[in-house]
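Asks: Dropping the structure in here first, questions after.
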Amino acid sequence: MSQEELDALVAEGVIEPVAPDPETARIELEQARLHVESAAEIAERDPVAAFAIGYDAIRKALSAHMRGSGYRVTKGKGHHARTGRYAIAAIDDARVEEHLEAFDELRQLRNQSEYDALVLDPDDVTDALARADAIIAVVDKDL
């Protein structure tokens, strides 16, 4: 974790410091785990919904990390994108670096499937869920 990068995000108004809440962070991380399981169950039948659930698992895991570390995203548009920026600054683990960098691409795919009727397939879900599992494991270690 680079405190300088986090301080820069605070100064930019992307995130703000709050009291750490490890109990709620653990609940949120457990919700992320359940999302991965649920998404895997429906991936073949409904890959668009499964992808959205898998994406949300990643977002919730990152939010749990933020909550446990004493930060939250500021109000306004771009909440999910700012969550991704926080994650890249805060989670310094080579095992998930590429997964964190891919979060914005996943966000864009999710948005396209939600708002532009982009059709996703089970392989897209498999990729998202693998990324979610890796991120959840690292966040669990950090909490």
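Asks: Looking for something within 22 Å of residue 21 (Cα to Cα), in a helix (DSSP H, G or I) and among the small types (Gly, Ala, Ser) - is there at least one such residue anywhere in the range 101-124?
Replies: So far as the range 101-124 goes, no, none of its residues is within 22 Å of residue 21 (Cα to Cα), in a helix (DSSP H, G or I) and among the small types (Gly, Ala, Ser).
Asks: Follow-up question, since we're still on this one. Counting only residues that are touching a residue at least 40 places away in the same chain (Cβ under 8 Å), buried (at least 21 other Cβ atoms within 10 Å of the Cβ) and either small (Gly, Ala, Ser) or assigned to a helix (DSSP H, G or I) (or both), how many does the range 60-84 have?
Replies: Count: 7.
Asks: With respect to residue 49, determine if the residue is hydrophobic (A, V, I, L, M, F, W, C), surrounded by fewer than 17 Cβ atoms within 10 Å (Cβ to Cβ), without any contact (Cβ under 8 Å) to a residue 12 or more places away in the chain and part of a helix (DSSP H, G or I).
Replies: Against the criterion (hydrophobic (A, V, I, L, M, F, W, C), surrounded by fewer than 17 Cβ atoms within 10 Å (Cβ to Cβ), without any contact (Cβ under 8 Å) to a residue 12 or more places away in the chain and part of a helix (DSSP H, G or I)), residue 49 qualifies.
Asks: In the set 32, 89, which member is in a helix (DSSP H, G or I), closer than 13 Å to residue 136 by Cβ and among the hydrophobic types (A, V, I, L, M, F, W, C)?
Replies: The match here is 32.
Asks: Taking the condition buried (at least 24 other Cβ atoms within 10 Å of the Cβ), touching a residue at least 12 places away in the same chain (Cβ under 8 Å) and closer than 19 Å to residue 117 by Cα, does residue 39 pass?
Replies: yes
Read-outs throughout are calculated quantities, based only on the coordinates presented, and are distinct from any laboratory measurement. It should be emphasised that the depicted structure is a prediction, and the values quoted were computed from it without experimental measurement. Cβ sites come from the backbone with ideal geometry, for glycine too, and all protein chains shown count toward neighbours.
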